[in-house]
Amino acid sequence: MNQIAPNVYVEPEINESEQAELINYVQTSTAKINALFGQKESAPVVIYAKSKKALDHYADSDIGQTYYYPWNNYIVIGSRGYNENVIAHEFTHAELRKRLKNSSKVPVWFDEGLAAMVDGRFTDNEKTWNTQTKDGKESINFDLLDNHTAFQPNAQSRTNYELACYEVSRWYGIVGTPGLLKLLDSLNEGEEFIKVYKGIESNMSDEAKG
């Protein structure tokens, strides 16, 4: 692999035009993380594995995947994930992992919902939510979305991403970056997710009402 920018690597066969495009994707994705968290703290290594040989060596997906190691996080982007959306999605996972002392403190649906909100592909999230809840008359069982299997490629995963995206987007729309950072700080202090998640929303809703 050749390094073309800080923490960005590609196969030697990738031409200059594609390299420049990838660097642009990384920069625009970084801007999204800065906007969400206030400032990007993580510095994951991005590997663009375009060929089957490189994919077989570095990843088990031709879209995008973040691999977590004690010394750093590695994001492998395949040919189907060669775009700003997927890179921003994976950057969100890496940033959340960087900021949390214990990543298991957040449920999988929140992790995936936050990343889906940032990447911008799940534009039907409100429609999907209304369909699944029959316009709010039924509730979503988020316990079923608290596992990685629910978000692995299958017939239901797109719906699960849409549902998680809707809920996190709704919550973030109320609490914003200050609420997100408060959530992470509280989790790092040992508090339980659902209590803090609901409490921050309630407090900020009250403040907005005056």
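The values are calculated or read from the model by the stated rules, or taken from the named source; none is laboratory data. Every value quoted in this text rests on a predicted model; they were computed, and no experiment measured them. Note: ideal-geometry Cβ built from the backbone for every residue, glycine included; neighbour counts use all protein chains shown. Each accessible area value is taken on the protein alone, full model and side chains, heavy atoms only, with ligands, DNA and RNA left out. Shrake-Rupley method; radii C 1.70, N 1.55, O 1.52, S 1.80 Å.
So the values come out like this:
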{"read-out": "Residue within the stretch 116-126 that is farther than 22 Å from residue 31 by Cα, touching a residue at least 40 places away in the same chain (Cβ under 8 Å), outside any loop (DSSP other than H, G, I, E, B) and open to solvent by 40 Å² or more (accessible area, probe 1.4 Å) present", "value": "yes"}
{"read-out": "Criterion (open to solvent by 80 Å² or more (accessible area, probe 1.4 Å) and closer than 30 Å to residue 70 by Cβ) met by exactly one of 104, 157", "value": "104"}
{"read-out": "Near pairs, Cβ below 7 angstrom, 6+ apart or cross-chain, from the stretch 171-183 (of a type in the set (A, V, I, L, M, F, W, C)) to any residue that is loosely packed, with under 15 Cβ neighbours inside 10 Å", "value": "174/205; 181/38"}
{"read-out": "The stretch 43-73, residues that are at pLDDT below 95 and among the hydroxyl-bearing types (Ser, Thr, Tyr)", "value": "51, 58, 61, 66, 67, 68, 69"}
{"read-out": "Verdict on residue 47 being within 18 Å of residue 94 (Cα to Cα), aliphatic (A, V, I, L, M) and touching a residue at least 60 places away in the same chain (Cβ under 8 Å)", "value": "no"}
{"read-out": "Matching residues in the stretch 152-202 - criterion: being modelled with pLDDT under 95 and hydrophobic (A, V, I, L, M, F, W, C)", "value": "155"}
{"read-out": "Some residue of the stretch 181-202 being of a type in the set (Asp, Glu), under 15 Å from the mean Cα position of the chain (by Cα) and buried (at least 17 other Cβ atoms within 10 Å of the Cβ)", "value": "no"}
